[in-house]
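Q: Take this structure first; my questions come after.
A short reminder: the numbers here are calculations on the coordinates, not readings from a lab. Every value quoted in this text rests on a predicted model; they were computed, and no experiment measured them. Every residue, glycine among them, receives a Cβ derived from its backbone with ideal geometry; neighbour counts consider all protein chains shown.
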Amino acid sequence: MSNNYEDKNPAERFAEFLRLKNKLDAFNEKNQSELADRVFAQMCEAIREKGWNIYMKDPDAQRIMLMMKAGGCCVCVELNLHKPSSTLVYELTFKGLGCLDPEKVPELAGTLVSINAEIRFGAFQYQEKTGEISLRYTQLYQGFATDVFLEVIDHLVTTAAMNYRRIARSLGVAVKPSADILGAIREMFERKDSDEDSLLDALLNDDDDEDDDASMPFSAFLPSFLPDDDDDDDEDITDDED
């Protein structure tokens with residue numbers, strides 16, 4: 001067999017291609033585990049530096065769980081590295097909000113489809129077997145950057161909180177006006193004489209239901225839209241000013 005690639009016949013060239021491809025695949029597979037380990041360590045360090053509490057960490061499965069609250073809702077944030085696809089999966093599940101009633105599923109499904117058409121990235125999904133409602137987003141972890149990682153968590157938790165009341169209403173679940181993030185944001189825009197930073201701080205640090213294990217992850221992601229509410233819900237949306 002000739003050592004000169006140009007002198008090889010098509011069969012020999014193809015065999016050489018397969019040899020090089022297998023060698024490259026073996027190299028990538030060998031380094032994939034090391035890359036995932038580095039990314040997992042960077043994720044843990046970024047979370048610690050941010051001051052968020054890790055609820056559960058499984059280094060073997062490369063899985064992290066956080067518990068966070070925002071605007072009256074509590075979400076479980078699960079971060080999972082998937083080696084075969086080199087992806088980082090973010091999944092936020094509402095704590096205490098689900099649906100196991102078949103009669104409520106059609107309205108819930110319609111609400112989730114409408115929301116998914118409006119949000120910028122990620123998608124809400126419903127697990128029929130467990131009744132869980134979650135927000136899921138996936139990205140490649142090659143070229144992992146901690147600032148992007150933290151911003152994605154910020155934005156996803158904000159998206160979940162912004163749509164919590166809308167999803168809960170489709171299930172017939174009452175939401176306290178004082179815990180309504182949409183109402184708080186709407187009040188911030190309506191009160192022209194108020195300091196925006198102080199209102200935002202009050203919004204993100206709601207003390208109605210204190211939970212030492214829950215962390216407040218975000219600082220300044222405001223929605224690009226506000227869903228239209230029925231006239232009957234106006235009293236539930238905006239708190240009366242003192």
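Q: Evaluate the charge dipole of the stretch 1-131 about its Cα centre and quote only its size in Debye, nearest 20, assuming +1 on the Cβ of each Lys and Arg and -1 on the Cβ of each Asp and Glu.
A: Dipole size: approximately 260 debye.
Q: If you don't mind, another one. Simple spin-label model, 7 Å along Cα-to-Cβ: Asn116 to Arg38 in nm?
A: Simple spin-label model gives 3.5 nm for this pair.
Q: Using 0.36 nm per residue of separation minus the Cα-Cα distance, give me the extension gain between Glu151 and Thr130 in nm, one decimal.
A: Extra length from Glu151 to Thr130 when fully extended: 4.7 nm.
Q: Something else: If the only charges are +1 at each Lys and Arg Cβ and -1 at each Asp and Glu Cβ, what is the size of the charge dipole of the stretch 75-165 around the Cα centre, to the nearest 20 debye?
A: 100
Q: By count of other Cβ within 10 Å, fewest leading, how are Leu112, Leu20 ordered?
A: Taking fewest neighbouring Cβ atoms as first place, the list is Leu20, Leu112.
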